[in-house]
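Heads up: the structure comes next, in structure tokens.
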Amino acid sequence: MLFNVDVDSGATVSGWLVLDNPGEVPEFKVIVPDAKEVNFRANVFRRDLYDLGLHATGMAGFQLDESLIPDLASLPTFALIESETGLQVYRRFDPERHIEKKVALIETGAMPQIKLVRGAMMHFSMQYPMLDRYSLETVASALSHHYAKSVMATGRINWARFGGSMQSQDYFTTALLGEPYEDLAERILFLRMIAKRSDSHFVRSQLSRFEAVMPALLSMDVRDEKSVLTSFRGLTREQRRVLRSPMTAAFGASPDEEIQRRNVSIALDNLAQLDVVGTRSRFPEFTGMVGDALGEPIFDNCELESLPESAAFADLLSRIGLIGDLLDEDIALYSFACEAITSAMGQFGANGALGFTN
């Protein structure tokens, strides 16, 4: 999906959106606080999109005005949503409610921190949680939104592909790293939990990404070390690739690259370019540093969530050498990151620089 807003002049908001199937006419809904939802199809022919071959008919533009949304010019905020996926195309910036900054929280865990993200996103007009559930083209459009000045995006956003773009657009970039065995335990438990559900775009995207390894994950007994070992011994090379060192993959490799030990050094260099890097084990310090840097405690009163069995399962996984090999790069990367954070905290104190802070 490709999209952009060209202008918000108050009484008129216009832009365009091309779906993954460029022959379809996009449909939208407009959500106004304390008002009835308005639904409409693309209502502007865009010759430029047709001539460039981006859309089969060119009927992919939209224009909102007061004939469609009464009192549009005086509305402090409203949201324009793509109907099929629920992706936010635009939300008007309200200076009374929103921070005029762009923030990207790069996550590597499989289970979304819904409460954490929901609490933080209320401070921003453009909100893109779990952005990695969408195609790369959609991620690029969301991050490079022409008319947005208040944005928060979260998810497994690949740094090799999008890091330069975020930096050029003045994003405040931050990452929260998890202990590798704990991350793998939570990933497996989370995927097993949602495997019988397909009622949302997020669930479908997660199961599709891990489709190759799902039979092995579903067949293992997570309380029995022998069963877990048997399942991991039976993984094919492709299945191992799906699970291998996701933290290193996010920061040290392109999306289709085979992870190697050299990617750890690349990941460390890339992490050094982020504004704040923290670990889940030192979450309070991380939230404080982000709040100080932004001038707004966006993570105030937030807590991390975990699945009930994850600690015991992580301990079991840590005793299996085969899994240590699978996570080798992430174990090394996490160790280096923790050392950097400990060093920084010792140098600057609890309220000083955290991790790879610029």
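Miscellaneous remarks
- Residues located in segment 256-291, provided they are over 14 Å from residue 103 (Cβ atoms) and charged (D, E, K, R): 256, 257, 258, 261, 262, 269, 280, 282, 285
- In the condition set (1) open to solvent by less than 80 Å² (accessible area, probe 1.4 Å); (2) under 28 Å from the mean Cα position of the chain (by Cα); (3) not hydroxyl-bearing (Ser, Thr, Tyr), residue 63 is compliant with all but (2).
- Failed criterion for residue 163 (all others in (1) open to solvent by less than 10 Å² (accessible area, probe 1.4 Å); (2) without any contact (Cβ under 8 Å) to a residue 12 or more places away in the chain hold): (2)
- Flag if residue 290 is in a helix (DSSP H, G or I) and in contact with a Ser or Thr (Cβ under 7 Å, 6 or more places away or on another chain): yes
- Close Cβ contacts (under 8 Å, 6 or more residues apart or on different chains) running from residues in segment 309-335 that are within 17 Å of residue 260 (Cβ to Cβ) and in contact (Cβ under 8 Å) with a residue 60 or more places away in the chain to residues that are part of a helix (DSSP H, G or I) and of a type in the set (Phe, Trp, Tyr) comprise 326/232; 327/181; 333/251.
- In segment 111-126, the qualifying residues are those that are under 22 Å from residue 149 (Cβ atoms) and open to solvent by 50 Å² or more (accessible area, probe 1.4 Å), and the one that is farthest from the chain's Cα centre (by Cα) is 122.
- Residues located in segment 231-258, provided they are β-branched (Val, Ile, Thr) and either at pLDDT 95 or above or open to solvent by less than 30 Å² (accessible area, probe 1.4 Å) (or both): 248
- Among residues of segment 14-35 that are free of Cβ contacts under 8 Å to residues at least 40 places away in the same chain, those with a Cβ under 7 angstrom from a residue that is surrounded by fewer than 17 Cβ atoms within 10 Å (Cβ to Cβ) and part of a loop (DSSP other than H, G, I, E, B), sequence gap 6+ or separate chain, pair up as 22/54; 22/56; 23/56.
- Some residue of segment 260-276 being under 18 Å from residue 117 (Cα atoms) and in contact (Cβ under 8 Å) with a residue 60 or more places away in the chain: yes
- Restricting 294, 354 to residues that are open to solvent by less than 30 Å² (accessible area, probe 1.4 Å) and either in contact with a His (Cβ under 8 Å, 6 or more places away or on another chain) or modelled with pLDDT of 90 or more (or both) narrows the list to 294.
- Some residue of segment 96-106 being of a type in the set (D, E, K, R), open to solvent by less than 30 Å² (accessible area, probe 1.4 Å) and over 15 Å from residue 297 (Cα atoms): no
The values are calculated or read from the model by the stated rules, or taken from the named source; none is laboratory data. Treat the numbers as computed from the prediction; the structure is a model and nothing was measured. Virtual Cβ from ideal backbone geometry, glycine too; neighbours counted across all protein chains shown. To get the accessible areas, we keep the full protein, side chains included, count just its heavy atoms, and leave off ligands, DNA and RNA. Shrake-Rupley method; radii C 1.70, N 1.55, O 1.52, S 1.80 Å.
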